[in-house]
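**Q** Got a structure here, written out as structure tokens. Questions coming.
The values are calculated or read from the model by the stated rules, or taken from the named source; none is laboratory data. Because the structure is a prediction, the values reported are computed rather than measured. In this analysis, Cβ positions are derived from the backbone assuming ideal geometry, glycine residues included, and neighbour counts consider all displayed protein chains.
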Amino acid sequence: MGHSLGAATAYSLAGANINFERLQANCESMAIALNPSLYLQCQARFLPARPHSLKDPRIKAVISANGIASTLYGPEELQKVEVPLLMASAIDDVVALSLLEQIHPFSWLGSEEKYLAVMSDASHFFFTSGEDTDIVSPLTQPGAEALAEFVLGGYREVGSAYFEALNLAFWNVELKEDKAYLPYLSDRYAQQLSVDQVPTLSIVRDISDE
């Protein structure tokens, strides 16, 4: 399981390798100004351009939250990720843009069992609660209120509860092979869970790369 750049590491352990050709093309274009996560992804272009396989056969399933992968891996490498995967995405994420870094990459995955959980009105830190002091505390000091609202977003307690419920269901289905939890990975359940709530939650199993 990984968040943001940690999710990129999870993809690598599941079979994706760094795509140096894609890095070379995208990191020298103006795209970096439109996608803040490229500042992180493009650091990989300074690595020696040789195979860097970190695939670990012990990895049986992956959960990624607000992951970055569009340029670091691209479709050529993400199609090598074949283990079951739950991808969480936040529509209001200004760090790892939902469309570019999760929704498109989701369509590239080679996994047959994959779930995309999309939260509206949620930020890059949707899963952090008030107890996550390493992330929250520096942004809640006097005078940082506007920055905190922009970076952290609101409704984190609700987003954290959604993420915990999805994690529980996914791990039970994929690691414990308990199919009784499958209904909790459906869009119908997501709609029931988030009725009259903000953020809302949607779950899809398949999207086309268009």
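**Q** One residue is enough: does the stretch 70-89 have a residue meeting the conditions over 24 Å from V204 (Cβ atoms), at pLDDT 90 or above and of a type in the set (S, T, N, Q)? Before you say what the answer is, go through the steps one by one.
**A** First, the residues of the stretch 70-89 that are over 24 Å from V204 (Cβ atoms): none.
Checked the stretch 70-89: no residue is over 24 Å from V204 (Cβ atoms), at pLDDT 90 or above and of a type in the set (S, T, N, Q).
**Q** Does K55 meet the test of being under 26 Å from A165 (Cβ atoms) and either out of contact with any Cys (no Cβ under 9 Å at 6 or more places or on another chain) or at pLDDT 95 or above (or both)?
**A** On the way: under 26 Å from A165 (Cβ atoms): no; either out of contact with any Cys (no Cβ under 9 Å at 6 or more places or on another chain) or at pLDDT 95 or above (or both): yes.
When the stated conditions are applied, K55 does not pass them.
**Q** A further question follows. Could you list all residues from the stretch 165-205 that are exposed (fewer than 12 other Cβ atoms within 10 Å of the Cβ), in a loop (DSSP other than H, G, I, E, B) and without any contact (Cβ under 8 Å) to a residue 40 or more places away in the chain?
**A** Passing the criteria: K176, E177, V195, D196.
**Q** Mind listing whichever residues of the stretch 67-113 are crowded, with 24+ Cβ neighbours inside 10 Å and among the hydroxyl-bearing types (S, T, Y)?
**A** Listed by number, the residues that qualify are S70, T71, Y73, S89.
**Q** To continue, here is another question. Identify, by number, the condition in (1) surrounded by 19 or more Cβ atoms within 10 Å (Cβ to Cβ); (2) farther than 30 Å from N167 by Cα that S64 doesn't meet.
**A** That leaves (2) as the condition not met.
**Q** Would you mention how many residues in the stretch 9-33 are surrounded by 15 or more Cβ atoms within 10 Å (Cβ to Cβ), more than 13 Å from Q43 (Cα to Cα) and of a type in the set (A, V, I, L, M, F, W, C)?
**A** So the count comes out to 5.
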